[in-house]
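This report refers to the structure that appears directly beneath it.
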Amino acid sequence: MSRIYILKVPRVNLLWIVEFLAHCGQSLSLTSNQNETPHPHPSSKGSTELDWSPPPMIQVGCFEIERQALMRIKAAFTDPDGKLSLWTGQDCCSSWPGVACSNITGHVERLDLSRGHFTGGLSSSLTDLKYLTYLDLSYIDFQNKTIPEFIGLMERLTYLDMSCSLFGGVIPRQLGNLRNLVELRLDYLSCMFPAYDILELSWVSSLSSLERLEIAGVNLSLASQQWLQSVNMLPNLKSLVITSCELAYLPQTLPFVNLTSLTDLDLSYNKFNSLVPRWLSNASSLVHITIDESGLIGRIPGLAFENMCNLQAIWFKGNLLDGGLAELIDTLADCSNSSMQLLGLSDNELRDYLPDSVGRLRNLNFLRVSSNSLFGSIPTSIGNLTKLQDLRICDNQWQGVMRDAHLSNLVNLYHLCIGSSNNSLVLDFSADWCPPFNLGFLIISDSQIGASFPAWIESQTNLGSLTLSKTAISGVLPDWIWKLHLHYLDLSKNKLHGNLSEMLLTKGFWGRLDLGNNLFEGTLSRLRLSNFLELSLKNNRLSGAMPSDMFDQKSYVLSLDLSGNMLSGNIPTKWDAMKTLMYVDFSSNNLSGEVPDTLCVLPSLVWLKLSNNSLFGEPCNSVTAFEKLKSIDLGENNFSGNIPKWRGYSLEEIRLHGNFFKGSLPEELCSLPNLHVLDIARNKLSGQIPPCFGKMTGFSKPRKPLLSNFYTEHVLNIPNHIDMELSVKGSDLTFDANLPILNLIDLSGQIPSQNQFQTFDDPSIYEGNPSLCGQPLPNMCNPHKPDKDNSDDSGVSEKMTRDVSEKMMLWASIVLGFIFGFWVVCGTLAVKKSWRDAYFRFLGI
């Protein structure tokens, strides 16, 4: 007779049973198979009962200790947006933003406080959330408080994000206790405030479970040279991102490579100044390698990528690599099953050629080698890359002929950039060629494509950006060009002509239109700036006056260049609608009148160039401080008055040469800390160089481009009737040792011999200054002795000596005059008796 076993189960919700079974990972049966023999309870009689008791019931709502911990975390923050105001009630698991609990245990497992605009500190009650596995503290203002060491006690954490959290000090070593951590993010690139420093990375080696490490925008300049060895101790690491961290050392070799799981490596925007490391070949699991703009030098070691057939992407953009491209491509092509999809080596110094083997990289989607010094012909094997979407080979030194056969199989091509910096590349595309692709971006520059406008471009109906610059095309623009959906058109530096007035009305909105350096004619009477973000019509044959309402139309234009034309009349006075305008260039026209103050005070203005016109008056005289202006060029006009006393922290360039300014140099110029170009030559200035000029630091700072396409160096040009010796002490002047332009004409006095003046040892610098003396000029300042020292003391002593000599000469003249006068009168009376008698009779004696 078979026995029946009864399982006593408390009355519970069926959902609880399902969750419990899932949690325990086992199944229960209410009846038992006859072949199964359960262990009976000792007290069982007749029937056998299983002594089974379930674990505690799943928690409904929060555990009180965790709810209280969350409330203390909330209390430690100031919450202006009220994000934490919803943390009310007893159930923190279902309705509290940023809090998530386990469906099984009911414990808080996730806490996401990111981007809440909180300020304050992090409560130590965080450690009461003992089951926490996910913690996101990114974008919280911790007011430069140090990272609390108690975070290292959260040993269950698998994810920690402290990106852009305004902590101060250094990262504590206690983070190395987080041995279950799978992902650690310290990304500071998108922040508006500086990151903390990391003095060393040795603690990282303890994070044995780590799979993804991202450190960006953090100062690692003081980190030990052993940083890579610490990272190398992480066998599970799959992704390593350390970018923009000022790392200065990239080891070339490793004793052993433990990064056997690493698939993604990004070390971009550092300061390595070293070769491409050869240990990369031992990290055979790598799929993506990115080391952009980090000072890589020398040749690319092709053998370092040998047998890396899983490699899909190499990005070495913006370095100083000078060779090895052909060897690299040959090595990659030797993999019969090459996975290479992206090869980016633009903006280097590669002096190499593009080998035929490139055609064997059949999976290649992106090939970017522009802005190098690649030579030779473009291989026809490029036509084998049928998956290619992005081909950028412009700005090199190609030679020979490129035909439509090079591109006829590239059915997926979307971005094409072709060009040769030496203008020796010929593009011989047949007149009736119909490309198999439909491009979105096309750039052809510095190439010979013939006089006619390429007809095949009409078929590119998806084209949004078109550049045909310096290609020698001529004639009138075809009508179909205006029917394309272009937002960017650059046809500069050609021989195109036609009436520009009509063209400007042919199409509506443009992003950027550049028709500069052509032969277009017409006026600006129909120009509507509301149709443009950037507009360049420079160096054409435009004439007439600018419409008075030209700048009174609501517009979002950023850049306007009308230089090098024949525009006349006054500059319009209504500029209130130009709120976004950053760049204005009206130079080299026939403009007259005064500069309107409404132009000078534009809130976004960065660059203002009005040189080579016939403008007059006192320019921007009502402006006391420029908010954003970096460069102002008013040279070669008829401006008068005193040098403007402008202020502005951003101001870097002032060019006022060739005008009629008078008076002395204002000391307000010394309050411009970033000024590095000052050209006030050929004016009517006089007086002295203010002593504070010697403390101006802008001429010694490294320069950055003012705008993306404009770069200037240090310039000091003060050719006027200025007394150099009496103006500044030689030991005070401090300029860049490599100051490329130092123009000091019509000066007088002694040349300083201290600081950077020691480097200005070319006598030609001081040509046109007959009143200057001292080294390196042959004429000495004191004709009686060589010029030995020009220090402060010697200058003062010389001046005192000169003053004493002048006083002695004055007294000597008085004494000699007295003696001479006395003997002329008295001597005559003593010698001639008749004069003596007459003199005494006159006195009544």
Review point. Here are some residues: S244, S268. Which one is surrounded by 15 or more Cβ atoms within 10 Å (Cβ to Cβ), in contact with a Gly (Cβ under 6 Å, 6 or more places away or on another chain) and of a type outside the set (F, W, Y)?
Key: S244
Review point. Would you say S338 is polar (S, T, N, Q) and more than 24 Å from the chain's Cα centre (by Cα)?
Key: yes
Check your understanding: Filter region 103-122 for residues that are under 14 Å from F63 (Cα atoms) and open to solvent by 40 Å² or more (accessible area, probe 1.4 Å); which is modelled with the highest pLDDT?
Key -> E109
Review point. Just a yes or no: is a residue in region 475-489 crowded, with 19+ Cβ neighbours inside 10 Å and over 22 Å from F509 (Cβ atoms)?
Key: no
Exercise for review: For D81, indicate whether it is under 27 Å from C191 (Cβ atoms) and of a type outside the set (F, W, Y).
Suggested key: yes
Check your understanding: Mind checking whether some residue in region 197-216 is touching a Phe, Trp or Tyr at 6+ places or on another chain (Cβ under 9 Å) and over 30 Å from K130 (Cα atoms)?
Key -> no
**Study point:** Residue, modelled with the lowest pLDDT, within region 530-554, restricted to residues that are closer than 12 Å to W575 by Cβ and of a type in the set (S, T, N, Q)
**Key:** Q553
Review point. Restricting to region 61-102, what's the tally of residues that are open to solvent by less than 20 Å² (accessible area, probe 1.4 Å), among the β-branched types (V, I, T) and not in a helix (DSSP H, G or I)?
Key: 1
Review point. Can you pull out the strands (runs of 3 or more DSSP E) entirely within region 295-407 that have at least 2 residues that are over 30 Å from L247 (Cα atoms) and open to solvent by less than 40 Å² (accessible area, probe 1.4 Å)?
Key: 390-392, 400-403
Point to revise | So E155, is it assigned to a strand (DSSP E or B), surrounded by fewer than 19 Cβ atoms within 10 Å (Cβ to Cβ) and at pLDDT 85 or above | key: no
Practice item. Looking only at region 175-191, decide whether some residue is in a loop (DSSP other than H, G, I, E, B), surrounded by fewer than 16 Cβ atoms within 10 Å (Cβ to Cβ), on the phi < 0 side of the Ramachandran plot and charged (D, E, K, R). Key: yes
Check your understanding: Hey, which of the strands (runs of 3 or more DSSP E) in region 438-549, taking only ones fully inside, have at least 3 residues that are over 17 Å from L567 (Cα atoms) and under 27 Å from the mean Cα position of the chain (by Cα)?
Key -> 441-445, 465-469, 488-490, 512-514
Exercise for review: Please work out which residue is surrounded by the fewest Cβ atoms within 10 Å (Cβ to Cβ), limiting yourself to region 158-174 and to residues that are among the hydroxyl-bearing types (S, T, Y) and out of contact with any Phe, Trp or Tyr (no Cβ under 6 Å at 6 or more places or on another chain).
Suggested key: T158
**Study point:** strands (runs of 3 or more DSSP E) within region 573-679 that include 2 or more residues out of contact with any Phe, Trp or Tyr (no Cβ under 7 Å at 6 or more places or on another chain) and open to solvent by 10 Å² or more (accessible area, probe 1.4 Å)
**Key:** 590-593, 660-663
Check your understanding: Going by the structure shown, is D347 under 23 Å from C394 (Cβ atoms), modelled with pLDDT of 95 or more and either in contact with a Lys or Arg (Cβ under 8 Å, 6 or more places away or on another chain) or small (G, A, S) (or both)?
Key -> yes
Point to revise | Hits in region 405-431 - residues which are among the aliphatic types (A, V, I, L, M) and in contact with a Ser or Thr (Cβ under 9 Å, 6 or more places away or on another chain) | key: A405, L410, V411, I418, L425, V426, L427, A431
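The values are calculated or read from the model by the stated rules, or taken from the named source; none is laboratory data. This structure is a prediction, so every number in the text was calculated from the model and none was measured. Note that we place each Cβ from the backbone using ideal geometry, even for glycine, and neighbour counts take in every protein chain shown. We work out accessible area using only protein heavy atoms, side chains counted, and drop any ligands, DNA or RNA first. Shrake-Rupley method; radii C 1.70, N 1.55, O 1.52, S 1.80 Å.
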